[in-house]
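Reading through the C-alpha coordinates given below for one structure.
The values are calculated or read from the model by the stated rules, or taken from the named source; none is laboratory data. What you are looking at is a predicted structure, and each value in this text was computed from that prediction instead of being measured. We place every Cβ from the backbone using ideal geometry, glycine too, and count neighbours over all the protein chains shown.
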Amino acid sequence: MRRPKKERQQLLKQLIEQNPFLTDEELSERYEVSVQTIRLDRLECGIPELRKRLKKVASQTMMGEVKSLHSDEVIGDIIDIALDERALSIFDVTEDHVFQRNGIARGHHLFAQANSLAVAVIDEDLALTTKSTIHFLKPVKVGDRVIARAEVRREQLSEKRAIVDVVSKVEDEEVFTGEFYMYKTTDMKREERE
(Lines give C-alpha, C1' and ligand atoms only; values in the text may rest on other atoms or scores of the structure.)
Protein backbone atom coordinates (compact mmCIF):
# COMPACT_ATOMS: atom_id res chain seq x y z
CA MET A 1 0.00 0.00 0.00
CA ARG A 2 1.41 3.37 -1.02
CA ARG A 3 1.67 5.93 1.74
CA PRO A 4 1.01 9.65 1.52
CA LYS A 5 4.13 11.72 0.77
CA LYS A 6 4.49 13.33 4.23
CA GLU A 7 4.06 10.02 6.02
CA ARG A 8 6.53 8.30 3.65
CA GLN A 9 9.11 11.03 4.18
CA GLN A 10 8.78 10.79 7.97
CA LEU A 11 9.19 7.01 7.82
CA LEU A 12 12.12 7.45 5.43
CA LYS A 13 13.93 9.72 7.92
CA GLN A 14 13.40 7.26 10.76
CA LEU A 15 14.49 4.28 8.70
CA ILE A 16 17.69 5.94 7.48
CA GLU A 17 18.52 7.03 11.04
CA GLN A 18 18.26 3.37 12.08
CA ASN A 19 20.11 2.03 9.04
CA PRO A 20 22.11 4.62 7.05
CA PHE A 21 23.36 1.93 4.65
CA LEU A 22 20.10 1.41 2.76
CA THR A 23 20.31 2.15 -0.95
CA ASP A 24 17.75 4.20 -2.87
CA GLU A 25 16.77 1.00 -4.68
CA GLU A 26 16.10 -0.85 -1.41
CA LEU A 27 14.07 2.11 -0.14
CA SER A 28 12.03 2.30 -3.34
CA GLU A 29 11.14 -1.39 -3.04
CA ARG A 30 10.19 -0.98 0.61
CA TYR A 31 7.88 1.98 -0.03
CA GLU A 32 6.70 0.79 -3.46
CA VAL A 33 7.70 3.99 -5.25
CA SER A 34 10.26 4.76 -7.93
CA VAL A 35 13.93 5.37 -7.17
CA GLN A 36 13.45 8.93 -8.45
CA THR A 37 10.68 9.50 -5.88
CA ILE A 38 13.01 8.31 -3.10
CA ARG A 39 15.73 10.68 -4.35
CA LEU A 40 13.29 13.58 -4.35
CA ASP A 41 12.08 12.64 -0.86
CA ARG A 42 15.69 12.52 0.39
CA LEU A 43 16.39 15.90 -1.18
CA GLU A 44 13.31 17.50 0.41
CA CYS A 45 14.20 15.99 3.81
CA GLY A 46 17.88 17.00 3.59
CA ILE A 47 19.06 13.36 3.72
CA PRO A 48 22.39 12.95 1.89
CA GLU A 49 23.01 10.26 -0.70
CA LEU A 50 24.34 6.87 0.43
CA ARG A 51 28.01 7.61 -0.30
CA LYS A 52 27.95 10.71 1.93
CA ARG A 53 26.11 8.86 4.69
CA LEU A 54 28.72 6.08 4.57
CA LYS A 55 31.60 8.56 4.75
CA LYS A 56 29.98 10.28 7.74
CA VAL A 57 29.53 7.00 9.61
CA ALA A 58 33.04 5.88 8.66
CA SER A 59 34.67 9.10 9.86
CA GLN A 60 32.73 8.96 13.14
CA THR A 61 33.72 5.33 13.64
CA MET A 62 37.39 5.79 12.82
CA MET A 63 38.08 9.08 14.59
CA GLY A 64 40.76 8.42 17.18
CA GLU A 65 40.55 4.64 16.81
CA VAL A 66 42.59 3.34 13.89
CA LYS A 67 46.29 3.71 14.61
CA SER A 68 47.97 1.76 11.82
CA LEU A 69 46.49 3.61 8.81
CA HIS A 70 45.25 7.04 7.82
CA SER A 71 41.61 7.10 6.73
CA ASP A 72 42.60 7.79 3.10
CA GLU A 73 44.73 4.60 3.06
CA VAL A 74 41.75 2.34 3.76
CA ILE A 75 40.10 0.74 0.74
CA GLY A 76 36.36 0.89 1.27
CA ASP A 77 34.57 2.59 4.15
CA ILE A 78 35.10 1.23 7.67
CA ILE A 79 31.73 1.36 9.39
CA ASP A 80 32.49 -0.57 12.56
CA ILE A 81 35.70 -1.36 14.39
CA ALA A 82 36.83 -2.73 17.74
CA LEU A 83 40.63 -2.74 17.75
CA ASP A 84 42.30 -6.15 18.13
CA GLU A 85 38.86 -7.77 17.82
CA ARG A 86 36.79 -7.09 14.69
CA ALA A 87 36.07 -4.62 11.92
CA LEU A 88 33.58 -4.14 9.09
CA SER A 89 33.93 -2.24 5.82
CA ILE A 90 31.82 -1.57 2.74
CA PHE A 91 33.20 -1.24 -0.79
CA ASP A 92 30.97 -0.28 -3.72
CA VAL A 93 32.25 -1.65 -7.04
CA THR A 94 32.16 0.96 -9.81
CA GLU A 95 33.21 0.99 -13.48
CA ASP A 96 36.70 2.03 -12.33
CA HIS A 97 37.17 -1.27 -10.47
CA VAL A 98 36.20 -3.75 -13.20
CA PHE A 99 37.59 -5.21 -16.39
CA GLN A 100 36.01 -3.34 -19.29
CA ARG A 101 35.23 -6.39 -21.41
CA ASN A 102 33.23 -8.36 -18.81
CA GLY A 103 32.36 -6.00 -15.93
CA ILE A 104 34.00 -8.27 -13.33
CA ALA A 105 35.91 -6.62 -10.48
CA ARG A 106 39.68 -6.88 -10.64
CA GLY A 107 40.91 -9.05 -7.77
CA HIS A 108 43.38 -6.58 -6.38
CA HIS A 109 40.52 -4.32 -5.27
CA LEU A 110 38.93 -7.10 -3.19
CA PHE A 111 42.34 -8.00 -1.78
CA ALA A 112 43.08 -4.34 -0.98
CA GLN A 113 39.79 -3.95 0.90
CA ALA A 114 40.45 -7.08 2.96
CA ASN A 115 44.14 -6.32 3.58
CA SER A 116 43.57 -2.71 4.62
CA LEU A 117 40.82 -3.88 6.99
CA ALA A 118 43.20 -6.47 8.49
CA VAL A 119 45.81 -3.74 9.03
CA ALA A 120 43.29 -1.24 10.43
CA VAL A 121 41.91 -3.64 13.07
CA ILE A 122 45.35 -4.04 14.68
CA ASP A 123 45.80 -1.83 17.76
CA GLU A 124 49.36 -0.69 17.02
CA ASP A 125 51.10 2.21 15.30
CA LEU A 126 52.55 -0.14 12.69
CA ALA A 127 50.96 -3.28 11.29
CA LEU A 128 52.31 -5.07 8.25
CA THR A 129 51.05 -8.11 6.40
CA THR A 130 53.77 -10.75 6.37
CA LYS A 131 51.79 -13.49 4.64
CA SER A 132 48.29 -14.12 3.40
CA THR A 133 46.25 -17.02 2.11
CA ILE A 134 43.37 -15.82 -0.04
CA HIS A 135 40.53 -17.38 -1.99
CA PHE A 136 38.37 -15.73 -4.63
CA LEU A 137 35.09 -17.64 -4.47
CA LYS A 138 32.74 -15.86 -6.85
CA PRO A 139 33.06 -13.03 -9.40
CA VAL A 140 32.04 -9.58 -8.20
CA LYS A 141 30.46 -7.23 -10.72
CA VAL A 142 29.99 -3.53 -11.22
CA GLY A 143 27.25 -2.25 -8.92
CA ASP A 144 27.88 -4.89 -6.23
CA ARG A 145 28.41 -3.83 -2.62
CA VAL A 146 31.15 -5.87 -0.94
CA ILE A 147 30.90 -6.13 2.85
CA ALA A 148 34.13 -7.34 4.47
CA ARG A 149 34.29 -8.57 8.06
CA ALA A 150 37.61 -8.96 9.84
CA GLU A 151 38.08 -11.02 13.00
CA VAL A 152 41.31 -11.15 14.99
CA ARG A 153 42.02 -14.65 16.25
CA ARG A 154 42.21 -14.18 20.00
CA GLU A 155 44.31 -17.30 20.55
CA GLN A 156 46.86 -16.10 17.96
CA LEU A 157 47.18 -12.54 19.31
CA SER A 158 50.62 -11.84 20.78
CA GLU A 159 52.85 -8.85 21.37
CA LYS A 160 54.31 -8.88 17.85
CA ARG A 161 52.06 -11.17 15.79
CA ALA A 162 48.40 -11.59 14.96
CA ILE A 163 46.24 -13.51 12.51
CA VAL A 164 43.21 -11.79 11.03
CA ASP A 165 40.50 -13.66 9.15
CA VAL A 166 38.52 -11.67 6.59
CA VAL A 167 35.33 -12.79 4.85
CA SER A 168 33.86 -10.62 2.09
CA LYS A 169 30.27 -11.03 0.94
CA VAL A 170 27.95 -9.60 -1.69
CA GLU A 171 24.45 -9.80 -0.26
CA ASP A 172 24.66 -13.12 1.62
CA GLU A 173 27.13 -14.90 -0.66
CA GLU A 174 30.82 -15.22 0.19
CA VAL A 175 32.98 -13.86 -2.63
CA PHE A 176 36.41 -13.70 -0.95
CA THR A 177 38.15 -15.12 2.12
CA GLY A 178 41.56 -14.31 3.47
CA GLU A 179 43.84 -15.25 6.31
CA PHE A 180 46.29 -12.42 7.03
CA TYR A 181 49.40 -12.91 9.16
CA MET A 182 50.27 -9.58 10.71
CA TYR A 183 53.46 -8.18 12.23
CA LYS A 184 52.87 -5.33 14.66
CA THR A 185 54.93 -2.87 16.66
CA THR A 186 54.66 0.59 18.18
CA ASP A 187 58.31 1.58 17.71
CA MET A 188 59.94 0.61 14.39
CA LYS A 189 63.35 2.06 15.36
CA ARG A 190 63.48 -0.10 18.48
CA GLU A 191 62.66 -3.18 16.38
CA GLU A 192 65.45 -2.41 13.91
CA ARG A 193 67.99 -2.36 16.76
CA GLU A 194 66.88 -5.73 18.18
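Annotations
- Candidates in the range 69-98 are the residues that are outside any helix (DSSP H, G or I) and among the polar types (S, T, N, Q); of these, the one that is surrounded by the most Cβ atoms within 10 Å (Cβ to Cβ) is Ser89.
- Unmet requirement for Gly178, which otherwise passes all of (1) buried (at least 16 other Cβ atoms within 10 Å of the Cβ); (2) farther than 29 Å from Glu95 by Cα; (3) at pLDDT 95 or above: (2)
- Cβ-Cβ under 9 Å pairs, at least 6 apart or on other chains, the range 85-107 side assigned by TED's automatic domain parsing to the domain that holds Glu155 and under 13 Å from Gly143 (Cα atoms), far side in a loop (DSSP other than H, G, I, E, B) and aromatic (Phe, Trp, Tyr): Ile90/Phe21; Ala105/Phe99
Quick grid of which residues meet (1) within 17 Å of Gly107 (Cβ to Cβ); (2) at pLDDT below 95; (3) not charged (D, E, K, R):
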| site | (1), (2), (3) |
| --- | --- |
| Thr133 | yes, no, yes |
| Leu137 | yes, no, yes |
| Val142 | yes, yes, yes |
| Arg154 | no, yes, no |
| Asp165 | no, no, no |
| Ser168 | yes, no, yes |
| Glu171 | no, yes, no |
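- For the range 16-36, the candidate set comprises residues that are hydrophobic (A, V, I, L, M, F, W, C) and surrounded by fewer than 16 Cβ atoms within 10 Å (Cβ to Cβ); within that set, the residue that is modelled with the lowest pLDDT is Phe21.
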